[in-house]
Amino acid sequence: MNLYLNQIGAIIWKDFVTELKTRELLSSMFIFALLVILIFIFSINLSIVKASEVGPGILWVAFLFAGTIGLNRSFMLEKENGCLMGLMLVPADRTTIYFGKLISNFIFLSIMELFILPLFMVFFDIDLLSHLGPLLIVVFLGTLGFCALGTLLSSLSSNLKTREIMLPILLYPLLIPIVIGVVRMTGQLLDGIPLLDMMKWIGLTASFDIIYIGVSIMTIDHILEE
Amino acid sequence: MGPSENAMEVRNLRKAFGVLRAIDGIDFDLKRGEFLTVFGPNGAGKTTLIKILSGLTQPSSGSAKVGGFDVAEGNPGMRKDIGVISHATALYADLTPLENLMFFARMHGLAQPEDQALKVIDEVGLTQRRNDRVRTFSRGMLQRLSIARAILHDPKILFLDEPFTGLDLHASNILREHLQRLHDRRRTILMTTHDISCGLEMCDKVALQVQGRFAFLENIGNVERDQFEAMYFDAVRDNQFIMETGAIG
Ligand SMILES: Nc1ncnc2c1ncn2[C@@H]1O[C@H](COP(=O)(O)OP(=O)(O)OP(=O)(O)O)[C@@H](O)[C@H]1O
Ligand SMILES: [Mg+2]
């Protein structure tokens with residue numbers, strides 16, 4: 001068990017050291033998310049539509065698109081020079097690779113989101129601070145589901161030549177339940193509804209998070225082997 | 001693994017990629033501490049054989065045991081005992097040699113990752129460059145580092161796929177001495193190479209792989225170098241003819 005956690009820790013450590021040196025992952029995700037939000041700002045007339053109605057959808061579109069870039073990049077690093085093969089040769093259970101990548105993807109996405117949220121608040125002139133706690137829970141659930149499925153599918157598509165295209169094609173349809181859940185919840189939070197009144201949505205999102213992690217644990221062996 | 005047990009037992013091993021039979025029925029045993037060199041023309045399936053034996057690819061049929069483990073089962077215990085040098089370096093380009101090896105040492109669960117990493121870096125003569133990014137390394141330096149990665153955890157069984165590629169005279173001497181030492185310490189080694197003198201020098205057994213089969217497998221004592229060389233060149237020439245014309249051998 002100790003070794004297992006140590007191996008997961010080593011993968012996360014390696015991803016962080018790489019990112020500290022290159023700063024490519026965070027900066028590209030951040031700039032992309034920012035651009036998505038800006039494009040929407042300029043294409044929507046906020047004096048006609050209510051910001052709290054369109055805002056949640058735009059926010060999550062920005063998170064998902066930027067996150068996809070992050071996932072692609074994160075697995076590209078593993079494929080370069082056959083590093084994934086090196087990982088397959090160490091005496092680790094394959095799920096350590098999954099959990100290591102899942103956690104580091106999750107942390108990088110969360111950092112990007114924490115930078116985007118204040119900008120979103122300013123651009124859309126929405127007060128997020130009064131709902132900050134519940135909002136962070138929703139962001140957590142959504143990001144976890146995205147990373148759980150995204151990490152699995154990016155390891156699946158990393159063997160394909162058309163990786164950049166295949167990942168979103170596989171990922172987005174399966175993410176629909178989670179996206180609906182978090183967008184609804186974010187919208188209702190902005191309308192001042194307390195999180196406790198959305199137990200159904202929380203349940204839906206959390207169950208999909210768990211299902212996707214479970215499916216990943218069961219299939220990662222076969223997916224990583226060519 | 002008991003002392004008398006075979007380190008490798010390969011039985012009627014086959015691997016097909018579509019219609020192409022990359023491994024087409026290979027049988028051999030390798031006792032603990034034995035050194036087998038596999039020669040063969042390009043595309044003979046040497047790399048595929050190593051991939052199957054190290055658990056990276058599943059065989060289509062047949063069986064192989066390495067260190068007592070069935071390779072098809074993918075047991076992590078087997079991977080503890082093996083080290084692999086392959087065509088790909090399996091090194092993270094944005095990390096330094098020290099960081100790379102510390103990472104793999106931690107993945108292997110070694111007690112002193114940093115000390116162990118520094119030790120093998122020293123063995124392959126990269127101490128001066130241990131804190132430079134691997135991305136900036138030359139071909140031979142990468143090869144040295146991937147040797148370091150493979151021997152980091154002092155594996156009982158080594159698979160070396162053309163390990164001398166890109167090494168300068170000094171580095172290949174280091175590698176040769178190191179292999180000799182490993183051989184003396186009864187490590188089991190399977191190496192592929194295109195370099196006849198290098199390959200024949202250290203081994204106990206020689207194989208010639210042609211089109212997915214061992215066309216020849218002998219103890220080194222029974223091998224006449226000139227004869228073997230002639231056979232090897234014939235195999236390479238025939239293979240070239242088949243590759244160019246598509247004729248079935
Ligand atoms: N993943 C794959 N998909 C399809 N064909 C493959 C794959 N890997 C190997 N092959 C084919 O299997 C055959 C054996 O390849 P392999 O790399 O094992 O040869 P090799 O003996 O190592 O050659 P070399 O001396 O050039 O390294 C080749 O014809 C190759 O094209
Ligand atoms: Mg090869």
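A short reminder: the numbers here are calculations on the coordinates, not readings from a lab. Computed from a prediction, not measured in an experiment: that's the story for all the values here. No Cβ is skipped: glycine too gets one built from the backbone with ideal geometry, and neighbour counts run over all protein chains shown.
Note the direction-averaged projected area, equal to a quarter of the hull surface, for the Cα convex hull of region A:87-158, in nm².
Details: hull surface 23.7 nm².
Here the figure is 5.9 nm², rounded to one decimal.
How far is helix A:199-224 tilted, in degrees, relative to the longest principal axis of the Cα atoms in chain A, given as a value from 0 to 90 rounded to the nearest 10? Helix A:199-224 sits at roughly 20 degrees to that axis. For A:Ile217, the shell of other residues with beta-carbons less than 12 Å away shows a net charge of -1, using +1 for Lys and Arg and -1 for Asp and Glu. Here the label points at B:Asn75 and A:Val54, each 7 Å from Cα along the C-beta direction, are separated by 6.2 nm in the simple model.
For chain B, what is the mean residue ellipticity at 222 nm derived from helices alone (per DSSP H run of n ≥ 4: -39500 (n - 2.57); sum divided by total residues; nearest 500 deg cm²/dmol)? For chain B, the value works out to -11500 deg cm²/dmol. Ordering A:Val139, B:Val19 by the number of other Cβ atoms within 10 Å of each residue's own Cβ, fewest first, gives B:Val19, A:Val139.
Net charge within 14 Å of A:Leu170 by Cβ-Cβ distance, Lys/Arg positive one each and Asp/Glu negative one each, not counting A:Leu170 itself? Spell out each step's value before the answer.
Numbers: positive: A:Arg163; negative: A:Glu164.
For residues surrounding A:Leu170, the net value is 0.
Angle of helix A:132-157 to the longest C-alpha principal axis of chain A, folded into 0 to 90 degrees and rounded to 10: 40°.
For region B:4-122, the relative contact order is 21 percent, taking Cα pairs closer than 8 Å that sit 6 or more residues apart in sequence and dividing their mean separation by the residue count.
Membrane-span-like helices in chain B, defined here as complete DSSP H runs extending at least 27 Å along the helix axis by their C-alpha atoms with mean Kyte-Doolittle hydropathy no lower than 1.0, are absent; this is a sequence and geometry rule, not a statement about a membrane. Each principal axis of the Cα cloud of region B:1-50 was taken in turn, and the coordinate range along them, longest first, works out to 40, 19, 12 Å. Per-residue extension of 0.36 nm, minus the Cα-Cα distance of A:Phe115 and A:Ile180, leaves a gain of 21.1 nm for this segment. Among A:Val182, B:Val206, the ranking by other beta carbons within 10 Å of each residue's beta carbon, starting with the fewest, stands as B:Val206, A:Val182.
The convex hull built on the alpha-carbon positions of the protein assembly as shown has an orientation-averaged projected area of 26.1 nm². Overall, the ratio between the Cα radius of gyration of region A:2-224 and 2.2 N^0.38 Å, rounded to two decimals, is 1.04.
Note on region A:96-226: the alpha carbon radius of gyration divided by the globular reference 2.2 N^0.38 Å gives 1.14.
Need one value for A:90-98: mean number of C-beta atoms belonging to other chains within 10 Å of its residues' C-beta atoms.
Average neighbour count from other chains, rounded to a whole number: 4.
What is the local net charge at B:Ala230, summed over the other residues whose Cβ is closer than 13 Å to its Cβ (Lys, Arg +1; Asp, Glu -1)? Intermediate results must be reported in sequence, preceding the final value.
Values: positive: B:Arg225, B:Arg237; negative: B:Glu224, B:Asp226, B:Glu229, B:Asp234, B:Asp238.
Residues close to B:Ala230 contribute a combined charge of -3.
Sorting the Cα pairs of chain B by distance into bins of 5 Å, from 0 upward, gives 1, 6, 13, 17, 19, 17, 13, 8, 4, 1, 0 percent per bin. Each helix, a run of at least 4 DSSP H residues, gives -39500 (n - 2.57); summed and divided by the residues of chain A, these come to -29500 deg cm²/dmol at 222 nm. Seen from every direction in turn and averaged, the convex hull around the alpha carbons of region A:1-73 projects onto 6.6 nm².
Return the percentage of antiparallel bridges among DSSP beta bridges fully within the protein assembly as shown, rounded to the nearest 5 %. Can you show the working numbers first?
Numbers: 22 of 39 bridges.
Bridges in the protein assembly as shown are about 55 percent antiparallel.
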